[in-house]
Amino acid sequence: MQHSHGKKVLSRFMENLATAPSSILLLDYDGILAPFHVERHLAYPYPGVVPALKSILGTVSARVAIVTGRPAVEIGPLLGPLDRIEIWGSHGLEHLMADGTCRKFPIDPKVSALLSRAGTLLTKAGLTRTVETKPGGIAVHWRGLLADECVAVRMHAQSVFAPFADQPGLKQLAFEEGIELRVEHPNKGDVVRSVLDASDDTKQVAFLGDDLTDEDAFRALNRRGLSVLVRPKYRETQADIWIEPLDGLLDFLRQWRDAVSRPYKLA
């Protein structure tokens with residue numbers, strides 16, 4: 001549940017949204033729109049999420065974009081009828097626009113070589129089945145493993161990643177039941193800054209995220225919009241407010257839909 005301060009912040013934001021000429025809703029995918037799943041290709045949205053997003057996208061003033069660590073190509077099949085939704089994939093290395101065009105950003109060849117070397121070392125460490133290689137990064141997951149296996153995989157992965165995390169252009173990120181070695185930029189904060197730079201101050205902007213990789217985005221909003229932590233349990237965060245899935249998320253989307261559906265009135 002939101003504490004009283006969070007409710008006031010959200011209420012004030014929605015009031016401003018209702019009178020704004022346009023809006024941008026930015027959402028992480030896993031843990032926000034969909035529950036975590038051991039089989040990543042089966043992580044379909046929570047019930048009610050797709051209709052809620054579809055109703056928001058049906059308004060003329062609302063832009064919706066997914067900002068995810070996953071490759072952009074993975075998200076479309078999971079969202080079903082929302083196949084034309086805007087997606088920033090791989091922490092911003094890919095931008096799949098609503099019209100279907102996709103822009104991919106280059107990676108420094110030296111950084112790519114380091115990532116390739118890290119992947120080779122993970123294979124030698126026997127972690128192949130837990131590794132996910134994606135544009136600009138290599139992740140190790142331990143979701144669904146037994147407790148002792150989780151500890152062993154995490155320790156091996158951290159040992160492999162440690163020498164690389166200090167190299168220029170690379171960083172190590174922790175996420176829900178996994179860690180990732182990836183390019184330092186772009187990150188989700190860079191995506192938010194890019195969106196803000198291309199927007200005027202009349203647009204109302206919000207970003208919803210759940211894990212530590214989303215903190216860059218929360219900081220990037222820096223009072224220019226609403227940052228929302230979506231988790232079953234609260235943790236320390238830079239976000240403005242905290243809501244819980246699933247009821248809190250669906251209520252937020254309902255409020256957004258109602259706000260952007262109202263006719264804009266000049267002051």
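Roughly how many debye, to the nearest 20, is the charge dipole of segment 89-185 about its Cα centre, given +1 on each Lys and Arg Cβ, -1 on each Asp and Glu Cβ, and no other charges?
For this selection, approximately 280 debye.
Report the gain in length on full extension from Gln167 to Lys124: 0.36 nm times residue separation, minus Cα-Cα distance, nm rounded to one decimal.
Extra length from Gln167 to Lys124 when fully extended: 13.4 nm.
Which one, Asp210, Asp251, Asp99, has the greatest fluctuation when you compute a Gaussian network model over the chain with C-alpha springs under 10 angstrom?
Result for the chain, Cα springs under 10 Å: Asp99 fluctuates most.
Could you please put Cys150, Cys102 in sequence from largest to smallest accessible area, using a 1.4 Å probe?
Working: Cys150 20, Cys102 65 Å².
Descending accessible area places them as Cys102, Cys150.
Based on the inverse mean of 1/r over its pairs of different Cα atoms, what is the Kirkwood hydrodynamic radius of the chain, in Å?
19.3 Å
Which FRET efficiency, nearest 0.05, do Ala174 and Cys102 yield, Cβ-Cβ r, R0 30 Å?
It comes out at approximately 0.60.
Using the heavy atoms of the protein chains and a 1.4 angstrom probe, tell me the accessible area per residue for the chain in square angstrom. Before the final figure, lay out each step's value.
Details: 13020 Å² over 267 residues.
Per-residue value: 49 Å².
Lys7: which lysines have alpha carbons under 19 Å from its alpha carbon, excluding same-chain residues fewer than 8 sequence positions away?
Lys233
Over all directions, the average projected area of the alpha-carbon convex hull for segment 187-267 comes to how many nm²?
Mean orientational projected area (segment 187-267, Cα hull): 5.9 nm².
Asp201 to Asp258: extension gain in nm, 0.36 nm per residue of separation minus the Cα-Cα distance?
Extra length from Asp201 to Asp258 when fully extended: 18.4 nm.
Take every DSSP beta bridge with both residues inside the chain and express the antiparallel ones as a percent of the total, to the nearest 5. Spell out each step's value before the answer.
Numbers: 21 of 42 bridges.
Counting DSSP beta bridges with both partners in the chain, the antiparallel share is about 50 percent.
With a sphere of radius 14 Å drawn around the Cβ of Val38, what net charge do the other residues whose Cβ falls strictly inside it have (Lys, Arg +1; Asp, Glu -1)?
Counting the neighbours of Val38, the net charge comes to -3.
How far is the Cα center of segment 58-93 from the Cα center of segment 196-267, in Å?
Rounded to whole Å, the Cα centres lie 16 Å apart.
Can you give the helix-only mean residue ellipticity at 222 nm for the chain, where every DSSP H stretch with n ≥ 4 adds -39500 (n - 2.57) and the sum goes over all residues, rounded to the nearest 500 deg cm²/dmol?
Counting only the DSSP helices, I get -12000 deg cm²/dmol.
Which value, in Å² rounded to 10, gives the accessible area of Thr120 with a 1.4 Å probe and all protein chains present?
Thr120 has an accessible surface of roughly 60 Å² with all protein chains in place.
Carbon and sulfur together cover what percent of the accessible area of segment 122-267 at a 1.4 Å probe radius?
So the carbon and sulfur contribution to the accessible surface is 50 percent.
Could you please put Lys124, Lys7 in sequence from largest to smallest accessible area, using a 1.4 Å probe?
If we order Lys124, Lys7 from most to least accessible, we get Lys124, Lys7.
The values are calculated or read from the model by the stated rules, or taken from the named source; none is laboratory data. The shown structure was predicted, so the numbers you read here are calculated from the model rather than taken from an experiment. Virtual Cβ from ideal backbone geometry, glycine too; neighbours counted across all protein chains shown. The area values use the complete protein model at the heavy-atom level, side chains included, leaving out ligands, DNA and RNA. Shrake-Rupley method; radii C 1.70, N 1.55, O 1.52, S 1.80 Å.
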